[in-house]
1. Going through segment 175-189 one residue at a time, which ones are in a helix (DSSP H, G or I) and either surrounded by fewer than 15 Cβ atoms within 10 Å (Cβ to Cβ) or in contact (Cβ under 8 Å) with a residue 60 or more places away in the chain (or both)?
2. Filter segment 158-169 down to the residues that are buried (at least 21 other Cβ atoms within 10 Å of the Cβ), out of contact with any Phe, Trp or Tyr (no Cβ under 7 Å at 6 or more places or on another chain) and within 13 Å of Thr114 (Cβ to Cβ) and list them by number.
3. Give segment 230-248 a look and list any residue that's among the aliphatic types (A, V, I, L, M) and part of a loop (DSSP other than H, G, I, E, B), or say none.
4. Out of the residues in segment 220-276 that are in contact (Cβ under 8 Å) with a residue 24 or more places away in the chain and at positive phi, state the one that is farthest from the chain's Cα centre (by Cα).
5. Is it true that some residue in segment 206-219 is β-branched (Val, Ile, Thr), within 22 Å of Thr30 (Cβ to Cβ) and part of a helix (DSSP H, G or I)?
6. Report whether or not Val253 is part of a helix (DSSP H, G or I), crowded, with 18+ Cβ neighbours inside 10 Å and among the β-branched types (Val, Ile, Thr).
7. I'm told Ile164 meets every condition in (1) free of Cβ contacts under 8 Å to residues at least 60 places away in the same chain; (2) more than 28 Å from Pro50 (Cβ to Cβ); (3) in contact with a helix residue (DSSP H, G or I) (Cβ under 7 Å, 6 or more places away or on another chain) except one. Can you identify the failing condition by its number?
8. Considering only residues of segment 254-276 that are hydrophobic (A, V, I, L, M, F, W, C) and at pLDDT 95 or above, which is nearest to Pro50 (Cα to Cα)?
Amino acid sequence: MQQTDSMNWHVTRGSAMRIASPGHVLFAVTLIALGILGLIKGDFTVMWQPVPQGFPGRAVLDYLSALICLASGIGLLWQRTATLAARVLLAFVLAWLLILRLPHIFLAPNIGTTWAAAKTAVMLAAAWVLYAWFAGERDRQRLAFATGEKGLTIARAFYGLALIPFGVAHFLYLNQTTVLVPRWLGWPVFWAYFTGGAFIAAGVAMLIGVFARLAATLSVLQVGLFTLIIWIPMVVTGRVSAFQWQEFIASVVLTTAGWVVADSYRGIPWLALGKR
């Protein structure tokens, strides 16, 4: 079986920890935090919302999503459980996307349903990258399309597709975007258009394989900067509404999940052409 730099992981000597990349660790810790938050809150966290009130087994699904986040986050950090944790997380997020997200895009197409699907797609992309990395021999034999380089290509495609509606939202909701731009930065309309266009360009670049590694990395940097210069100051000063608090959480999750995807390009030239 061929191995690439992006599929190698580091197992710390003398410990049972499995660390594939910095993004892997941060995403796992974020999942743990999401799980704890969901259990304390007793309701879906922002990454799983919205879920229709009348959805069968909604209360059970609420706690199940929190428990899977918590267990998967812990499992992804340990050598013996990383494969199972990645497999379970991938299956759960994929089912969430297919059952609770994609139908609403067709039944009630709007930026809200598309945005929700895009958030799920980013989590799915990160889970798929980790599964491609940690898949055992049985997984590689039975699900060859989902592991190795093929699996990474699928994961990157989901991430690239998700970036496009993120960018479109900046144009459709210009007023809501400009008010978030810090005053010291100036030119709020310019930054709204620039960051929206950057998301779209990065998504397209990843889908067609033009400077894909650079595009993925810059998209993560952009979301991370949103977290640092917009959401964290709001949280620190206490000037944050319930909606903005949810957006802060989403921004952190999207940053760490995107980091996992960007890490999957290790070993690929920054300006490579035709490499998805």
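The values are calculated or read from the model by the stated rules, or taken from the named source; none is laboratory data. None of the values given here were measured: they were computed from a predicted structure. All Cβ positions, even for glycine, are placed from backbone atoms using ideal geometry, and neighbour counts span all protein chains on display.
1. Scanning segment 175-189 gives Asn175, Gln176, Arg183, Trp184, Leu185, Val189.
2. Correct list: Ala162 only.
3. Val240
4. Here the residue is Gly274.
5. For segment 206-219, residues β-branched (Val, Ile, Thr), within 22 Å of Thr30 (Cβ to Cβ) and part of a helix (DSSP H, G or I): present.
6. yes
7. (2)
8. Applying the filter and picking the extreme gives Leu254.
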